[in-house]
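These notes concern the structure reproduced below.
The values are calculated or read from the model by the stated rules, or taken from the named source; none is laboratory data. Note that the structure is predicted; figures quoted are calculated from it, not measured. We place every Cβ from the backbone using ideal geometry, glycine too, and count neighbours over all the protein chains shown.
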């Protein structure tokens, strides 16, 4: 049970923080279509957060809710991937991150639809529909911007180099993951690596981008609560009202 | 008494928020000397805040302290000038703001050393020493950067245009100010305008900068709690720990 | 001219004018100005609400706000498309916005300072917008009319969501109630200003009414808005910040204080609290997005060439 | 050579070498590298603590932290000035930092994640720095020695302030205590790494010791640090994250686990959690500050010309 709770927080916190970063673009996108798309992705991710953290709260059964989990934990208790908490950067960073994450997210959700937990399977099935579209869109943009102008290619390549060291964390299991795998709730993330690498390699090739060389030292720790310096600022902003007006209803 | 409390918050909140903005430069200044100077100014301003808000808490006599005033009020209750809450911008904005503020602050503190309230006079005398140095330094930099390169002049002029509409608020009294003036605690800020204009005009002339034309519509409201959209973000960051861990001692 | 008379007859008969059809140059220009300004308002209107998305107090409120801002961008899209049928491109309209040649609704030059503002904007600003827009569903230009029909449906949904936030706040803790009252205090007069200057000072009005580009006078709509909104404020337990507000049993109208028109014209001139920042935000988004748009264009051209080459090879 | 022997004799006799005096090229180079790296560490070291200034939990803590970071910049100033006596300019040293040719202490590539880290950095990081620096007060190069004397006085003050934060946290709420323990867990091994690799793997050491540029071996200092720090951790009620920690009554030494040297070399190589961001922050500060420095230089030149012209006119 504690492992299940932890694992659900990893899912929900990751979608929550990525949704936050995505929503920062609101009104500042490079094209109207992009404003709409980013808001839409953020909306989907917040929806997933409500489901994952809602289930986490149920599983924990100590009176917390998706909202109290989202708004009343400090950074050390957050379990999101480091990748999603990095600043939004320019649109190249935003899109490249979305792609690197979507390729993993899509595969993972696909596997989770066969989870031994019917609740997990149900959430995964709902989310998968939206994430299928996210991946289509982010892959497509990676290709178009990579194989666009010199300037757009350079930005996309820079974004890739910046983010690459943070992708390793998506494929490293710990005791929590192993307990969850043994219970048949989720596959081991290591098993996703080969397919992810294939997808990413193929799209980057089409985008005329170069896969970063060597095995970058994987930045990790988000899933056990060791974050970057950025998360604290995200939470200070996100949680302000709940912290400043405890117990108020909105 | 409520007017006195309000007025003290206006003083203390203004130094607090300017200190916050100044401290954002920490480690990111254009030269080592500037890193040191900015940290020093921030330090002075936080020191003034402790005195002003400390006295405000005493005057109110409801068990609050300088810290609870600084950390547990939301934006609507803050009484700082709008000028000081604007983002730090580039170093031109930071220095120009400091100058426009110092020229007012220095004069005001000078007059406050003759306050009918011995406590106010004492705080003003302490602060005045530091602010005399702030004004010397910011005037000097305005001159040197204004009369520097074309690029530095342009940045200083842009900063001046940006900030000018926010200077009017320093010279507008309301009932609180009038009550304070009647009690002999502080002069009416309108009385500072002529000297300030003279100082500013002279320095800007030496800096080869142009005084913004016409009477810009004064942006105001900070001193009665109507702020810009920026203050909320400042407070979310500044107050996070006190909000997240109520009652903890640090 | 005879052509102009025939055109006016069609309008008087309630016919819709469609893109390819003849229209007076003034009609076209007025429409472009009005639709462009409306489109720009949707786009700039994302900013004051976007300001609170990262700070929305619950996941549900965050989702609702995101969906709303997304709708606004969508409305912008409809309206730019509708304007394009008049022979002006979206990029031309953007440039007119960025250069200050075209305006957007002045209401968005006011800041959103507390969460209650998300309520007040939905309730009052969308409320006033709907009051303006509902009659425009019957406007004479076909694409504009159809865009307004889609938009009005969503806007009234937004207004209800805004009012729901106000209800929560007004019935909440003392601090929340204070925020709600403060939001009403700050947005009341700017909302009244949204209908434009008093009829006696309003330019462009008469011809626009004849062309059915404008369907009601500013003062008519303002009165209607006040009549609908005052009881809503009372229901919330909030006080409309107008000492002169009185109800006339005979006419069913409230009489109310005029907004400060000097402030209105100052804001129009660019001296509102957020004019500089709103416009700068849009300019920055545009200029920082240039590489992005250029990249997509370059790719589209390359792909077209590749397809052409492949087609040639296949022959 | 005889010159070199005479030089070494002076050092052995405890004399200080002063800027204008002859010195071997290797001595000069080693000193520039070491002092430059130390200066850079002070400058980059502003960043992890600067990260919490805007979030310091009380006004007093904010003031203390500001004063501390200001001191660090001041130390950087002393050290760059001391290095300049060896014929290298501050700007050259900055360029070497920005290009990655010169390093700074790897400890600053670790993030500061909670307020307890402000305690841990003062207690452990400044503590380890002092351990390195106290003997350097007796180093053979005069300006370096004098800079270290000034610096050490302030550093030990910083260490006490850091420990005071840890005491508050460790004696605070359960959450605060958790943060304190977590900070110790994260900073313990990186602090041990601050003394450099084990003596058997350490380059440059022997010659530096002979020249009194380095006064003790890495392992000696590390042992001394552990011996002093473990009882301090116990006093706080915190657990040093080392299962193998044992006290040897006979030697008075603690035996302890080696840090993960693979991690150490990864961080040196640039793959630590914050390498990219720390260096980028300094590069950005430098390049965004170019107009500022150029402006001051241009003004200085103009003023000099004006003064010269005025002097000429006065003759």
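All conditions but one from (1) out of contact with any helix residue (DSSP H, G or I) (no Cβ under 7 Å at 6 or more places or on another chain); (2) touching a residue at least 24 places away in the same chain (Cβ under 8 Å); (3) closer than 18 Å to residue D:180 by Cβ apply to residue D:238; the one that does not is (1). Please tell me if residue D:31 is assigned to a helix (DSSP H, G or I) and more than 27 Å from residue A:228 (Cβ to Cβ). When the stated conditions are applied, residue D:31 passes them. So is residue D:227 away from chain B (no Cβ under 14 Å) and either touching a strand residue (DSSP E or B) at 6+ places or on another chain (Cβ under 9 Å) or part of a helix (DSSP H, G or I) (or both) or not? Judged against the criteria, residue D:227 is a match.
Confirm whether residue D:177 is within 14 Å of chain B (Cβ to nearest Cβ) and either within 18 Å of the chain's Cα centre (by Cα) or more than 30 Å from residue D:10 (Cβ to Cβ) (or both). Considered against the rule, which asks whether it is within 14 Å of chain B (Cβ to nearest Cβ) and either within 18 Å of the chain's Cα centre (by Cα) or more than 30 Å from residue D:10 (Cβ to Cβ) (or both), residue D:177 comes out as yes. Scanning segment B:153-167 finds one or more residues that are within 19 Å of residue B:12 (Cα to Cα) and in contact with a helix residue (DSSP H, G or I) (Cβ under 9 Å, 6 or more places away or on another chain).
A quick yes/no check of all residues on (1) at pLDDT 95 or above; (2) more than 13 Å from chain D (Cβ to nearest Cβ):
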| position | (1), (2) |
| --- | --- |
| A:198 | yes, yes |
| A:201 | yes, yes |
| A:208 | yes, yes |
| A:217 | no, no |
| A:220 | no, no |
| A:232 | yes, no |
| A:235 | yes, no |
| A:247 | no, yes |
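Tell me, yes or no, whether segment C:116-131 has at least one residue that is more than 18 Å from residue C:180 (Cβ to Cβ), outside any helix (DSSP H, G or I) and touching a helix residue (DSSP H, G or I) at 6+ places or on another chain (Cβ under 7 Å). No; the residues of segment C:116-131 include none that is more than 18 Å from residue C:180 (Cβ to Cβ), outside any helix (DSSP H, G or I) and touching a helix residue (DSSP H, G or I) at 6+ places or on another chain (Cβ under 7 Å). Looking at D:146, D:160, just one residue is more than 15 Å from the chain's Cα centre (by Cα), part of a helix (DSSP H, G or I), at pLDDT below 95 and away from chain A (no Cβ under 14 Å), and that residue is D:160.
Kindly establish whether residue A:160 is under 20 Å from residue C:294 (Cβ atoms), crowded, with 17+ Cβ neighbours inside 10 Å and within 14 Å of chain C (Cβ to nearest Cβ). It is false that residue A:160 is under 20 Å from residue C:294 (Cβ atoms), crowded, with 17+ Cβ neighbours inside 10 Å and within 14 Å of chain C (Cβ to nearest Cβ).
Considering segment D:88-100, the residues that are in contact (Cβ under 8 Å) with a residue 40 or more places away in the chain and away from every other protein chain (no Cβ under 13 Å) include one that is surrounded by the fewest Cβ atoms within 10 Å (Cβ to Cβ), namely D:100.
Taken residue by residue, segment B:176-199 has at least one member that is on the phi > 0 side of the Ramachandran plot and surrounded by fewer than 19 Cβ atoms within 10 Å (Cβ to Cβ). For segment C:101-115, the condition holds for at least one residue, the condition being that it is surrounded by fewer than 19 Cβ atoms within 10 Å (Cβ to Cβ) and in contact (Cβ under 8 Å) with a residue 24 or more places away in the chain. Going by the structure shown, is residue D:48 in contact (Cβ under 8 Å) with a residue 40 or more places away in the chain, within 30 Å of residue B:238 (Cβ to Cβ) and outside any helix (DSSP H, G or I)? So residue D:48 fails the test. Do we have any residue at all in segment B:32-41 that's at pLDDT 95 or above and within 24 Å of residue B:171 (Cα to Cα)? Yes, segment B:32-41 has at least one match. Put simply, of B:69, B:81, B:18, B:55 the only residue that is modelled with pLDDT of 95 or more, farther than 21 Å from residue D:61 by Cα, touching a helix residue (DSSP H, G or I) at 6+ places or on another chain (Cβ under 7 Å) and more than 7 Å from chain D (Cβ to nearest Cβ) is B:81. Counted as qualifying within segment A:191-250 are the helices (runs of 4 or more DSSP H) with 1 or more residues that are under 24 Å from residue A:154 (Cβ atoms) and without any contact (Cβ under 8 Å) to a residue 12 or more places away in the chain, namely A:193-206.
With respect to the conditions (1) within 22 Å of the chain's Cα centre (by Cα); (2) crowded, with 18+ Cβ neighbours inside 10 Å; (3) within 14 Å of chain C (Cβ to nearest Cβ), residue A:225 falls short on a single one, namely (3).
Being more than 18 Å from the chain's Cα centre (by Cα) and closer than 30 Å to residue B:4 by Cα is true of residue B:178. For segment D:56-87, filtering for residues that are touching a residue at least 60 places away in the same chain (Cβ under 8 Å), crowded, with 19+ Cβ neighbours inside 10 Å and either on the phi > 0 side of the Ramachandran plot or more than 11 Å from every other protein chain (Cβ to nearest Cβ) (or both) leaves 1. Being part of a helix (DSSP H, G or I), at pLDDT 95 or above and touching a helix residue (DSSP H, G or I) at 6+ places or on another chain (Cβ under 9 Å) holds for only one residue in D:66, D:86, and it is D:66. When A:6, A:13, A:61, A:44 are checked against the criterion of being closer than 28 Å to residue D:112 by Cβ and surrounded by fewer than 24 Cβ atoms within 10 Å (Cβ to Cβ), a single residue qualifies: A:6.
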